[in-house]
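Novice: I have a structure here, written as structure tokens, and I will follow up with some questions on it.
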Amino acid sequence: MRSALALACFTLIGAGYTLKYPGPPEKVPEGCQNLESRPFKPIPLRGKIYATYLPDGRRYTKLRPPAAPDYFEMGVLDLDATSPRIRRLTRDEVHDAEVALSPDGRRMVWSRRPALDLFDDWNAILIANTDMTDIRVVAYEEKGYLGIPTFAGPHRIMYSRQTDDDEFTSLIFLDLRTWTTKKLRTRFRGSISDPQLSPDGRRIVFKSFEQPDNPDAQLYIMNADGTRVRRLTHNEFQDEDPAFSPDGRTIVFERAFGLTDHQGDNPEDYYFQVGIVSLDLTTGRETVLTEPDPCGKNELWLPTWSPDGELIMMTRGLHLENGEFTHDLWVMRKDGSDLQKVPGSDGIMFFDWVW
């Protein structure tokens, strides 16, 4: 049986610190991707990462009911430190998930629910200062769906919501000055999920299943008032979690290219080929920035731009052969080169980056 407390270490040449991975290193099956062996030029990183993570090298699995060690907590990773480590911000037995920062980096909003991937129980959205003061519950559904929250300017947040009475997921805006909500009116016939506002505040990019029986999530863009909806991607894959570049000209997103034939020790586990794709909004040209793992053991998703638009950071979900996951952050240049692990990011799943 594998020991969850064993540590494997390696030294990043030229960076002056040692990175530690929770758990023993697993043998990479033949034909599978080995990200740790890829050559790269070290990328200097700065700023802070506010994130939800599994503390103490704990692992997560979807294959059993959640227990206390499996719960994600809030934390902050200071990339300016000599040896970056996550500073824990919460200690509770519920799942803290999708976190996003305000434009000025002073406040954060995130989701909270009793189980990470289950939406048949209560769901909540919270907001707080980044020092965890003035914590408020700003949205709550007893048995509904509350999607990924994000800021829509300095004084508003937006999130998806669906109850048993709703045919589709709707986009909700919350004014933080008046604490009032407003549902976006649009003629679009489909659910609106993973919304992101453009830097100039004029457009919203989002994911949708255009029809309820459509199995393929695709990306769309519309004016911020809900008008002029148009489809951005046309394929038989799953496109999710779009993010605008700081100049508003490009989006990056994750794409699930389909199931693989790889099978681990647990017959209930499954593996997808997942990679990061960029889309030029002027030309419509797509570029695959990270080639997906043929075995699906490495999943790169949740891409986030650096504030200057030169780097892209993302979550790496690493499937273990026993059905568990480990998580960490990886970063690359905007053209997909020099992909490498973010120091001290072991256990992080959801995150946002501020300088």
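The values are calculated or read from the model by the stated rules, or taken from the named source; none is laboratory data. Predicted model only: the values in this text are computed from it and were never measured. Glycine also receives a Cβ, built like all others from the backbone with ideal geometry; neighbour counts cover every protein chain displayed. These accessible areas exclude ligands, DNA and RNA; they are computed on the full protein's heavy atoms, side chains included. Shrake-Rupley method; radii C 1.70, N 1.55, O 1.52, S 1.80 Å.
Novice: Would you give the gap between the C-alpha center of the range 276-318 and the C-alpha center of the range 157-172, rounded to a whole Å?
Specialist: 27 Å
Novice: Further, regarding this structure: As an exercise, use a Förster radius of 45 Å and the Cβ-Cβ distance of GLU142 and VAL28 to find the FRET efficiency, rounded to the nearest 0.05.
Specialist: Calculated value: 0.50.
Novice: Also: Using the per-residue mean of other Cβ atoms lying within 10 Å as a proxy for protection, in what order, highest first, do the peptides 304-313, 229-238 fall? All intermediate terms of the calculation are to be shown ahead of the outcome.
Specialist: Details: 304-313: 17.6, 229-238: 14.3.
So the order, starting with the most tightly packed, is 304-313, 229-238.
Novice: Can you tell me the length gained on complete extension of the stretch ASN266 to ARG38, counting 0.36 nm per residue apart and subtracting the Cα distance? The partial results should precede the final answer.
Specialist: Working: separation 228, 0.36 × 228 = 82.08 nm, distance 2.79 nm.
So the extension gain works out to 79.3 nm.
Novice: To continue, here is another question. For the range 79-162, with every protein chain kept in place, what is the accessible area per residue (1.4 Å probe, Å²)?
Specialist: Details: 3950 Å² over 84 residues.
I get 47 Å² per residue for the range 79-162.
Novice: OK, next. Please list 3J(HN,Hα) in residue order for the range 86-92, calculated via the Karplus relation 6.51 cos²θ - 1.76 cosθ + 1.60 where θ = phi - 60°; whole Hz, with x for glycine and proline.
Specialist: Result, ordered by residue: 7, 9, 6, 10, 10, 9, 8 Hz.
Novice: For the pair ASP56 and ARG189, how long in nm is the line joining their label points, each one 7 Å along Cα→Cβ?
Specialist: 5.3 nm
Novice: Can you tell me how the range 202-271 classifies by the Cα gyration tensor, rounded, prolate or oblate, using a/c under 1.5 as the rounded cut? Before the final figure, lay out the partial values.
Specialist: Details: a/c = 3.40, a/b = 2.01, b/c = 1.69.
Cα axes put the range 202-271 in the prolate bin.
Novice: Let me make sure I get this right: for the range 252-293, a, b and c are the square roots of the gyration tensor eigenvalues over alpha carbons, sorted descending. Under 1.5 in a/c it's rounded, otherwise prolate if a/b > b/c, else oblate. Which is it?
Specialist: Values: a/c = 4.43, a/b = 3.86, b/c = 1.15.
It comes out prolate by the Cα gyration axes.
Novice: Sorted by average packing, counted as other Cβ atoms within 10 angstrom per residue and highest first, what order do 155-164, 134-143 take? Please list the in-between numbers first.
Specialist: Numbers: 155-164: 18.7, 134-143: 12.6.
The densest-packed peptide leads the list: 155-164, 134-143.
Novice: Here is a further query. Once the other residues with Cβ under 12 Å from the Cβ of ASP200 are scored (Lys, Arg +1; Asp, Glu -1), what is the net sum?
Specialist: +2
Novice: Measure off 7 Å from each Cα along the Cα-to-Cβ vector at THR287 and THR181, then give the distance between these two points in nanometres to one decimal.
Specialist: 4.0 nm
Novice: Write down, largest first, the equivalent ellipsoid semi-axes of the range 118-235 in whole Å, where each equals the square root of 5 times an eigenvalue of the alpha-carbon gyration tensor.
Specialist: With the √(5λ) rule applied to the range 118-235, the semi-axes are 24, 18, 12 Å.
Novice: Related question: Just to confirm, what accessible area per residue do you get for the range 197-355 at 1.4 Å probe, in whole Å²? Don't skip to the end; give the middle numbers.
Specialist: On the way: 6320 Å² over 159 residues.
Solvent-accessible surface per residue comes out at 40 Å².
Novice: List, in the order given, every pair from LYS27/LYS334; LYS297/LYS341; LYS48/LYS182 whose Cα-Cα distance in the structure shown is over 20 Å.
Specialist: Working: LYS27/LYS334 30 Å; LYS297/LYS341 16 Å; LYS48/LYS182 32 Å.
Over 20 Å Cα-Cα: LYS27/LYS334; LYS48/LYS182.
Novice: Hey, another quick one. Hey, any idea what % of the chain's accessible area is carbon plus sulfur with a 1.4 Å probe? Write out the running numbers ahead of the final one.
Specialist: On the way: 8060 of 16950 Å².
After summing per-atom areas, the C and S share lands at 48 percent.
Novice: How many nm is it between the label spots at ARG88 and GLU321, if each spot is 7 Å from the Cα in line with the beta carbon?
Specialist: Inter-label distance under the simple model: 3.1 nm.
Novice: Sorted by packing (mean other beta-carbon atoms within 10 Å per residue), highest first, where do 241-247, 50-56 land?
Specialist: Values: 241-247: 19.0, 50-56: 21.9.
The packing order, highest mean first, is 50-56, 241-247.
Novice: Can I ask one more? Once you order the gyration tensor axes a ≥ b ≥ c over the Cα atoms, which shape class does the range 50-205 get: rounded for a/c under 1.5, otherwise prolate or oblate by comparing a/b with b/c? It would help to have the intermediate numbers written out before the result.
Specialist: On the way: a/c = 1.99, a/b = 1.26, b/c = 1.58.
Judged from the Cα gyration tensor, the range 50-205 comes out oblate (a/c at least 1.5, b/c at or above a/b).
Novice: Moving to a separate point now. Let me have the relative contact order for the chain, percent, based on Cα pairs under 8 Å that are six or more residues apart. Walk me through the numbers before you get to the answer.
Specialist: Values: 935 pairs, mean separation 51.7, N = 355.
Dividing the mean separation by the residue count of the chain yields 15 percent.
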